[in-house]
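Bear in mind these aren't lab numbers, they're just calculated from the coordinates by the rules spelled out. This one's a predicted model, so the numbers in the text were calculated from it and none came from an experiment.
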Amino acid sequence: MNKILVVDDEPVILRAIADRLKAKGYDVLTAETGEEGYDKTMQFKPDLVVLDVLLPKINGWEVCQKLKADESVKHIPVIILTVKAKEIDEIKSFECGAEAYMTKPFEFDRLLEKIADLL
């Protein structure tokens, strides 16, 4: 069973994504801050991370950059899922090392496709 970490500071979005992924058979971990997301990635080594950008303490781009700089977790695919929808935001997401970029609001089926592609 693939383990996915979802990091989002909006509890309603976090719960909705986590519940739907669990219903699809994924083992799901959640985090509400960038710091917690980084720590859980280091501790649990999920198979994939779904990461918001606008997070308290450290933003998603910084988390992604830290993960991609660490040999033990840099292979873990990261999907940036954010309300930041400008071209520069997409560029910044790939520059920090993310494998995929999606904007909110999003279609859950599209997220599932990206997850399947990266796993």
Subtracting the Cα-Cα distance from 0.36 nm times the residue separation, let me have the gained length for A69 to T33 in nm, one decimal. 11.0 nm
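I need the per residue convex hull volume for the chain, using only the alpha carbons, in cubic angstrom as a whole number. Don't jump to the answer; show the numbers that get you there.
Working: hull volume 10.5 nm³, N = 119.
Convex hull volume per residue, Cα atoms: 88 Å³.
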Kindly provide the helix-only [θ] at 222 nm of the chain, computed as the sum of -39,500 (n - 2.57) over DSSP H runs of four or more divided by all residues, to the nearest 500 deg cm²/dmol? -13500 deg cm²/dmol
Straight distance only, please: which lysines reach the Cα of K86 with their own Cα at less than 24 Å, same-chain residues fewer than 8 apart left out? K57, K66, K68, K104, K114
